[in-house]
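Asks: Sharing a structure here in structure tokens format.
Taken together, the values in this text are just the output of simple stated rules run on the coordinates, not laboratory data. Note that the structure is predicted; figures quoted are calculated from it, not measured. Methodologically, a virtual Cβ is constructed for each residue, glycine included, from the backbone with ideal geometry; neighbour enumeration extends over all protein chains shown.
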Amino acid sequence: MSRHTSDFAGTPVETAEETALLRAALAEAQQRIRDLERNSEIDDLTPLPGARRFRLELERVVGLSQRHGTPGAVVSVELTGLAALREAHGHFAGDAALVHVARLLCGLIRTTDVLARTADCEFDLILDHLDHNSAIDAAERLERCIESNPLDLGHVRVPLTAAVAVTGILPGDSADDVTARARGNLERVKSGS
């Protein structure tokens, strides 16, 4: 052991001890970073992946689609009237609606699909290996399910509505292309055009 001593956190330590303490502190910091990265990929409210994880999965699926020529689509779902629900019944009711819809959607998708909460009142779903017409059928099923399962707040059952849009993954697409078209498609559905 070295005779050199230094001051670590106000306590004199030998060099070997200092190295061991630094390694332990580094390992702890690395574990915290891994935990934070994992948590940044999960939505705080719902048990779903968040926007960051969705983006990574979309890049993966678009890459596979380009490489193997397999079909795929993104279904975008936006709860409409969420602001009015929060205003009428409180912020908690709005959060309850998001959790309710997340559970409904999870019950309707395949285990290979990726569902994420990507914005305050938006969910996006990646349908890998599914052609456009089948994706449209799936989207219609999701919309019907949301609208036929009102939110039960105990004292009142609140009907929910959603705008739902389908965006196919096309040859030559990047994840940015799909995302931009999905946003545009959802806006067109919301505006009724």
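Asks: In sequence order, what are the phi-derived ³J(HN,Hα) couplings for region 114-126 according to the Karplus relation 6.51 cos²θ - 1.76 cosθ + 1.60 with θ = phi - 60°, rounded to whole Hz, with x for glycine and proline?
Replies: 10, 10, 9, 8, 9, 7, 3, 10, 10, 10, 10, 10, 9
Asks: Another question about this same structure. From the square roots a ≥ b ≥ c of the eigenvalues of the alpha-carbon gyration tensor of region 90-179, which class results: rounded (a/c under 1.5), prolate (a/b over b/c), or oblate?
Replies: Judged from the Cα gyration tensor, region 90-179 comes out prolate (a/c at least 1.5, a/b above b/c).
Asks: Hydropathy at least 0.0 by Kyte-Doolittle, axial extent at least 20 angstrom from the Cα trace: which helices of the chain, defined as entire DSSP H runs, fit? Intermediate values should be presented prior to the final figure.
Replies: Values: long enough: 15-40 (37 Å, -0.68); 51-68 (25 Å, -0.72); 91-106 (23 Å, 1.09); 132-148 (24 Å, -0.62); 175-191 (24 Å, -0.92).
The answer, listed by residue number, is 91-106.
Asks: Now, a different point. Given axes a ≥ b ≥ c from the Cα gyration tensor, I'd like to know whether the chain is rounded (a/c under 1.5), prolate (a/b larger than b/c) or oblate.
Replies: Oblate is the answer for the chain, as a/c is 1.5 or above yet b/c matches or exceeds a/b.
Asks: Considering the chain as a Gaussian network with a 10 Å cut-off on Cα pairs, which listed residue, Arg181, Arg55, Arg67, attains the greatest mean-square fluctuation?
Replies: So, out of Arg181, Arg55, Arg67, the one fluctuating most is Arg67.
Asks: Per DSSP helix of 4 or more residues, -39500 (n - 2.57); summed, then divided by the residues of the chain. What does that give at 222 nm, rounded to the nearest 500?
Replies: Taken over the chain, the calculation gives -17500 deg cm²/dmol.
Asks: Which of rounded, prolate or oblate describes region 69-138 when judged by the alpha-carbon gyration tensor and an a/c cut-off of 1.5?
Replies: prolate
Asks: Using amide H atoms built 1.01 Å from N in the peptide plane, name the residues 5+ places from Leu153, or on other chains, whose amide H lies under 5 Å from its own.
Replies: The answer is Val158.
Asks: Asp95: net charge of surrounding residues, Cβ under 15 Å, Lys/Arg +1, Asp/Glu -1, itself excluded?
Replies: On the way: positive: Arg86, Arg103, Arg117; negative: Asp43, Asp44, Glu87, Asp120, Glu122, Asp152.
Around Asp95, the surrounding residues sum to -3.
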